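Chemist: Quick one: structure below, then a few questions.
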Protein chains: 2
Amino acid sequence: MKDRIKIGLVGVGKIARDQHIPAIDGHPGFELIACADPNARIAGIAHYQSLEAMLDAEPDLAAVSLCAPPQVRFSQACVALAAGKHVLLEKPPGASVAEVAVLAEVARERACSLFTSWHSRHAPGVKSARAWLANKELVTVMVRWKEDVRLWHPGQDWIWQPGGLGVFDPGINALSIVTRILPRPFFLKAADLYTPSNKHNPIAANLDFRDDRSTPIRAEFDWRHGDEEIWEVEVTTTVGVLRLAQGGKHLQIDGKSWDLGEEREYSSLYERFAELISDGASEVDFSPLQHVADAMLLGTRYSTAPFFH
Amino acid sequence: MKDRIKIGLVGVGKIARDQHIPAIDGHPGFELIACADPNARIAGIAHYQSLEAMLDAEPDLAAVSLCAPPQVRFSQACVALAAGKHVLLEKPPGASVAEVAVLAEVARERACSLFTSWHSRHAPGVKSARAWLANKELVTVMVRWKEDVRLWHPGQDWIWQPGGLGVFDPGINALSIVTRILPRPFFLKAADLYTPSNKHNPIAANLDFRDDRSTPIRAEFDWRHGDEEIWEVEVTTTVGVLRLAQGGKHLQIDGKSWDLGEEREYSSLYERFAELISDGASEVDFSPLQHVADAMLLGTRYSTAPFFH
C-alpha cells in the first residue's frame with residue numbers, strides 16, 4: 001500500500017461525489033486522504049476549508065484533483081503546483097484558453113504533472129472510433145448533444161455566470177470527443193448562439209466547422225431538451241458511417257454495433273493520471289475550449305426566453 | 001531587378017491604399033504586379049475580380065498579401081497556399097483562432113512562408129521596450145487604446161459583423177504590442193464588454209489580465225473617444241516606468257524620451273516578410289487574437305446606446 005499516490009480533492013460538488021470519489025476509491029494506484037471545500041465534506045476523509053489549509057496540514061499529499069468551477073481553477077492550480085503537487089484539472093481546464101497555456105509552463109518549471117482531463121474522451125467507444133477513422137476520408141460530420149439543463153445542473157448558478165460556459169459545459173464534452181476521433185484538425189466557420197435574456201451564457205448553439213478540405217462538421221447543442229438525452233456523433237465517410245451514441249458508450253459502424261464493455265470514464269481518466277505521474281509527464285490539450293472561445297468570438301447572438309431554475 | 005519577389009494584393013480597401021501599397025512600392029525586395037478586388041483597382045497595376053482569377057493569369061506571382069476582412073482570410077489563404085504562394089496575413093490573421101493553427105499546418109505541408117503580421121509590433125519603440133523590459137520585475141501594466149471609430153472606420157460594416165472584432169480591431173494592436181514587450185505570458189482574468197444594442201461587437205471593453213506572478217495588467221479600449229487618440233502602454237517596474245505612446249512611436253523611460261526615428265511600421269513588416277521567404281520560414285503568432293477570444297468567452301456583457309455611422 002505504501003506505493004499509492006496520496007491525493008486530495010478540491011471542490012466537493014456533484015461531479016466529485018458522482019464520479020471522482022468512486023473512481024479514486026476504486027483505483028489501486030490512489031489513496032484519497034483529504035478534501036477541501038468551504039462547505040461540503042466527505043464522510044471518513046480529513047476535511048479542510050481551503051486548498052491552502054489542506055496543503056499545510058497534509059505534507060504527504062502528492063497530487064490534487066481540482067473539481068471546483070472553472071473560474072477558480074487557475075489560482076488553485078498555481079497554489080498546488082507551487083507546493084510541488086501533481087494536478088488533475090476537471091474539464092474545462094480553465095476559464096480562458098491563455099491561462100491553460102500559462103499553467104502548462106508553470107507545471108514544466110515545477111516538474112509536476114499537469115493533466116487537462118476530458119472525461120468523455122474515456123468513453124468506451126472513443127478509442128475504437130479514433131482508430132477506425134484514422135485512415136478514412138470524411139464526407140460530413142453531425143454532432144447532436146441535447147439534454148435538460150434542469151436535470152444535469154439543478155440549481156447551479158456558476159454555469160450561467162461569465163466563464164461558466166452555459167450549454168458549452170456539456171457541449172465541450174462532444175467537442176472533446178470530436179477533436180479526439182477526427183483525423184484532421186478543424187475550425188469554426190460560423191455559429192448561432194441562443195442566450196436567455198436574463199443569462200450571460202448560451203442555452204443552445206449551432207456550430208459549423210470545417211477542416212482544410214472543407215468537410216462540413218456541424219454541432220447542435222441544446223439544453224432545452226426534454227425526456228431523453230441525445231449525445232451522439234455521426235461521421236459519414238466515403239466507405240461507411242460511424243456512429244457514437246450515448247456520449248460515446250455505443251459504437252456503430254454501418255449499422256453494426258460493437259460491444260465495448262461497461263462505461264468507466266473516470267476510472268480510465270485516473271488510470272491516465274497515474275501513468276502521467278509515473279512517467280513524469282504532462283498532458284495539456286485545450287482544443288475543445290479553443291473551439292468554444294472561437295464560437296463566443298465569432299458566433300451570431302440571439303436573445304431567447306428568460307431561464308429560471 | 002530580376003530578384004524582386006513578385007507580389008499580388010488581395011482586398012484594395014483603406015489599409016491597402018494607406019499602408020500596403022506605399023510600403024511595397026518603397027521596398028527594394030518586392031514588386032507589386034497585380035491586385036484582386038471585386039470593385040476597387042490600383043492605377044497602373046493589373047486588376048482581377050478575384051484571387052483565383054489573379055492566380056490563373058499571373059503564374060509568376062511568388063507571394064500574396066491578404067488585406068480583405070478577416071472573415072474571408074482563411075479561404076483566401078488556402079487558395080493561395082494551394083497554388084504554392086507565400087502568404088502575408090493582415091491582422092487579425094483569421095476570424096477564429098483554430099483556423100490560424102490549421103493554416104500554419106497547410107503552409108508547412110506546402111513549404112510556403114506564412115506570416116501572421118501584426119503591424120503595431122513594428123512601431124519604432126517596440127523593439128527597445130522589449131529589450132528594456134526583458135530583465136525587469138513588473139509591478140503593474142496599464143494600456144489605454146481610445147479613438148473615434150467614425151474617423152478610423154468610416155462607414156465600414158464588417159467591423160460590426162460576427163468575426164469583425166468591433167473595438168478589438170484597434171485593441172488587438174495594443175495586445176500585439178503588449179504580448180511582444182512583456183517578459184512573461186499573461187491571461188485574461190475578467191472583462192467588461194460594452195456593445196451597442198444594434199450591433200454584434202463591443203464598442204468598448206475593459207480587460208483585466210494577470211501573469212503567473214499575479215501582476216495586474218489592465219487594458220481599456222474605447223471607440224467612443226473624441227478629438228485626440230490615446231494609444232499608450234505604461235509599464236511600472238520595480239526600477240522605473242516605461243511608457244510607449246502614440247501607438248508605439250514614442251518611448252519614454254522614467255520621463256526621459258528616446259529618439260527612435262520615423263514611423264515605418266509597414267516597411268518593417270514587409271522587410272520581415274522578405275526575410276521569412278528568403279529563410280524558407282513562417283512566423284505564426286495568434287496570441288493577440290487568443291486574448292480577444294478569451295475576452296468574448298468570459299467577459300461580462302453590457303448593452304449600450306445604439307451606434308449609427
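Chemist: For peptide B:93-104, how many partner chain Cβ atoms fall within 10 Å of a residue's Cβ, on average?
Modeler: 6
Chemist: Kindly state, to the nearest 0.05, the FRET efficiency for B:Asp60 paired with A:Asn198, given R0 = 51 Å and r defined as their beta-carbon distance.
Modeler: 0.30
Chemist: Going 7 Å from Cα along the Cα-Cβ axis for the label, what nanometre distances separate B:Ala134 from the same residue across the other copies?
Modeler: 4.4
Chemist: When N is the residue count of chain B, what does its C-alpha Rg come to as a fraction of 2.2 N^0.38 Å?
Modeler: Normalised Cα radius of gyration, chain B: 1.00.
Chemist: Return the FRET efficiency for the residue pair A:Arg264, B:Glu137: r is the Cβ-Cβ distance, R0 is 41 Å, and the value is rounded to the nearest 0.05.
Modeler: Calculated value: 0.30.
Chemist: Just report the Cα centroid separation between the range A:52-92 and the range A:150-196, whole Å.
Modeler: The distance from the Cα centre of the range A:52-92 to that of the range A:150-196 comes to 24 Å.
Chemist: Sticking with the crude label model, points 7 Å out along Cα→Cβ, report the distance from A:Gln49 to A:Arg130 in nm, one decimal please.
Modeler: The two pseudo-label positions are separated by 4.3 nm.
Chemist: List the trypsin sites (Lys or Arg not before Pro) within the range A:1-31 that fall in a DSSP loop (any state other than H, G, I, E or B) and whose Cβ has at most 10 other Cβ atoms within 10 Å.
Modeler: Values: sites: A:Lys2, A:Arg4, A:Lys6, A:Lys14, A:Arg17; in loops: A:Lys2, A:Arg4.
Counting only loop positions with at most 10 other Cβ atoms within 10 Å, the trypsin sites (Lys or Arg not before Pro) in the range A:1-31 are A:Lys2.
Chemist: Between B:Val284 and A:Val284, what's the calculated FRET efficiency when r is the beta-carbon distance and R0 is 25 Å? Round to 0.05.
Modeler: Efficiency, rounded to the nearest 0.05: 0.85.
Chemist: Tell me the distances, shortest first, between A:Trp152 and the same position across the other copies, using label points 7 Å along Cα→Cβ, in nm to one decimal.
Modeler: 4.1
Chemist: Something else about it: Which order results if B:Trp231, A:Trp158 are arranged by neighbouring Cβ count within 10 Å, fewest first?
Modeler: A:Trp158, B:Trp231
Chemist: Can you tell me which of A:Ile15, A:Ile24, A:Ile172 moves the most in a GNM of chain A? Springs connect C-alpha atoms under 10 Å apart.
Modeler: A:Ile15
Chemist: Pull up all non-local amide H partners of B:Phe30: gap of 5 or more, or a different chain, and H-to-H distance under 5 Å with H placed in the peptide plane.
Modeler: Distant-sequence amide H within range of B:Phe30: B:Ile5.
Chemist: Per residue of the range A:188-195, in order, report the coupling 6.51 cos²θ - 1.76 cosθ + 1.60 (Karplus, θ = phi - 60°) as ³J(HN,Hα) in whole Hz, putting x for Gly and Pro.
Modeler: 6, 9, 6, 8, 10, 10, 10, 10
Chemist: Here's another thing I want to ask about it. For the range A:130-142, what does the Karplus curve 6.51 cos²θ - 1.76 cosθ + 1.60, with θ = phi - 60°, yield as ³J(HN,Hα) per residue in whole Hz, taken in order and with x for Gly and Pro?
Modeler: Listing the rounded values in order: 4, 5, 5, 7, 3, 10, 9, 9, 7, 9, 7, 10, 10 Hz.
Chemist: Under unit Cβ charges (Lys, Arg +1; Asp, Glu -1), what dipole magnitude, rounded to 20 debye, does the range B:5-116 have relative to its Cα centre?
Modeler: On the way: 9 positive and 12 negative charges, 41 e Å.
So the magnitude is around 200 debye.
Chemist: Where does the Debye-calculated log10 I(q)/I(0) of the protein assembly as shown sit at q = 0.08, 0.09, 0.12 Å⁻¹, using only Cα point scatterers of equal weight, no solvent?
Modeler: Taking Cα atoms of the protein assembly as shown as identical point scatterers yields -0.61, -0.78, -1.32.
Chemist: Just checking the output field for A:297-309: average partner chain Cβ neighbours within 10 Å of each residue's Cβ?
Modeler: The shielding value for this peptide is 4.
Chemist: Could I ask something else about it? What spacing in nm lies between the two simple spin-label points modelled at B:Ala82 and B:Gln156, each 7 Å away from Cα in the Cβ direction?
Modeler: Spacing of the two 7 Å Cα→Cβ label points: 2.8 nm.
Chemist: Enumerate the calculated ³J(HN,Hα) couplings along the range B:101-116 in order (Karplus 6.51 cos²θ - 1.76 cosθ + 1.60, θ = phi - 60°), each rounded to whole Hz, writing x wherever the residue is Gly or Pro.
Modeler: 5, 5, 4, 4, 5, 4, 4, 4, 4, 8, 6, 10, 7, 10, 10, 7
Chemist: Shortest first, in nm, what separates the label point of A:Pro38 from those of the same position in the other copies (7 Å along Cα→Cβ)?
Modeler: Once sorted, the set of distances for A:Pro38 reads 5.4 nm.
Chemist: Need one number for the range A:38-180: average projected area of the convex hull over its C-alpha atoms, nm². Let's see the in-between values first.
Modeler: Working: hull surface 45.1 nm².
The Cα convex hull of the range A:38-180, projected and averaged over all directions, gives 11.3 nm².
Chemist: Still on this model: Nearest-5 percent of antiparallel DSSP beta bridges in chain B?
Modeler: Roughly 55 percent of the beta bridges in chain B run antiparallel, per DSSP.
Chemist: Okay, moving on. How large is Rg over Rh for the range A:5-116, taking Rg from the Cα atoms and Rh as the Kirkwood inverse mean of 1/r across Cα pairs?
Modeler: When Rh is taken as the Kirkwood radius, the ratio is 0.93.
Chemist: Amide H to amide H, which residues 5 or more places from A:Ile45 or on other chains are under 5 Å from it, using H placed in the peptide plane?
Modeler: Excluding prolines and chain starts, which carry no amide H, there are no hits.
Read the figures in this text as sums done on the coordinates, not as results from a lab. Note that this is a predicted model, so its numbers are computed, not measured. With ideal geometry, Cβ positions are generated from the backbone for all residues, glycine too; neighbour counts draw on all protein chains shown.
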